[in-house]
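J.: So that we are looking at the same thing, I have put the structure below in structure tokens.
The values are calculated or read from the model by the stated rules, or taken from the named source; none is laboratory data. Remember, it's a predicted structure, so these values are computed and weren't measured experimentally. Cβ placement follows ideal geometry from the backbone for every residue including glycine, while neighbour counts extend to all protein chains displayed. Side chains included, ligands, DNA and RNA excluded: accessible areas come from the protein's heavy atoms. Shrake-Rupley method; radii C 1.70, N 1.55, O 1.52, S 1.80 Å.
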Amino acid sequence: MSAIYPGSFDPVTNGHIDIARRGARILGHVTIAVLDNSHKNPLFSIQERVGLLREVFLHDENIYVESFSGLLVDYAKKKGINTVLRGIRSADDFAKEMPYAVWNRQLSGNVLETLYLPADPALAHVSGSIVKEVAAHLYKNRHDDIVLAHMVAPEVRTALQDRYIT
Ligand code: PNS
């Protein structure tokens, strides 16, 4: 079995890594699909986000990384995959995710189903947007960034340093 794990991954966090690996253990294979959403003005370009994910999952043989644009249902159809994987950190996440799952199922003619994995509570506070916000301040003010080591992979920490330390 195979699933698509879609997202912005700007940047990938330890929360995403945990969901992808746990998902792959259950489902067999996971294709991480990075949304090419340049209109959202991401910190990392689509090439950088895909590159970081590929570095992080270099030794995970059952996890692949690709980019996509347009509707997720069209990408899933092209790949021949009928399952979407998403992580849920909170009731808020669940409320946001529900419409996506329903839309994707209806848009696909009841083919594309979404499976949710609960986030590890130790990582439930971690999001790409807070990581970026904290990193910007830490590096701008030359503070110790050790707290980021619990939230992102070393490659991502280095990429954040490169981006914010001028
Ligand atoms: O990491 P994010 O930003 O929460 O991920 C959101 C994502 C990429 C899963 C969602 O925006 C998405 O699937 N976008 C693709 C466009 C699409 O299919 N939209 C309609 C789904 S209802």
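J.: For LYS77, go through the aspartates and glutamates and keep the ones whose alpha-carbon is under 17 Å away, minus same-chain ones fewer than eight residues off.
T.: GLU66, GLU113
J.: Provide the packing ranking of 62-70, 142-150, i.e. peptides ordered by the mean count of other C-beta atoms within 10 Å per residue, highest first.
T.: Ranking, from highest mean packing down: 62-70, 142-150.
J.: In debye, nearest 20: dipole of the range 70-166 around its Cα centre with unit charges on the Cβ of K, R (+) and D, E (-)? Show your work: numbers first, answer last.
T.: Working: 12 positive and 11 negative charges, 61 e Å.
Roughly 300 debye, rounded to the nearest 20.
J.: Here is a further query. Compute the signed sum of charges (Lys and Arg +1, Asp and Glu -1) over the other residues within less than 14 Å, Cβ to Cβ, of LEU58. Show your work: numbers first, answer last.
T.: Working: positive: ARG21, ARG54; negative: GLU55, ASP60, GLU61, GLU155.
Surrounding charge for LEU58 is -2.
J.: Once the dipole of the chain is set up with Lys and Arg at +1 and Asp and Glu at -1 on Cβ about the Cα centre, which of LEU58, SER45, VAL126 lies farthest towards its positive end?
T.: Result: SER45, furthest along the dipole toward the positive end.
J.: Rounded to the nearest 500, what is the chain's calculated 222 nm mean residue ellipticity when only DSSP H runs of at least 4 contribute -39500 (n - 2.57) each, over all residues?
T.: -14000 deg cm²/dmol
J.: Could you give the dipole magnitude of the chain about its Cα centre, charging the beta-carbon of Lys and Arg +1 and that of Asp and Glu -1, in debye to the nearest 20?
T.: Values: 18 positive and 19 negative charges, 50 e Å.
I would put it at about 240 debye.
J.: Carbon and sulfur atoms: what percent of the 1.4 Å accessible area of the range 2-124 do they account for?
T.: Exposed carbon and sulfur together represent 53 percent of the surface.
J.: Taking a probe of 1.4 Å, how large is the accessible area per residue of the range 2-124, in Å²? Provide the component values of the computation, followed by the final result.
T.: On the way: 6520 Å² over 123 residues.
For the range 2-124, the per-residue accessible area is 53 Å².
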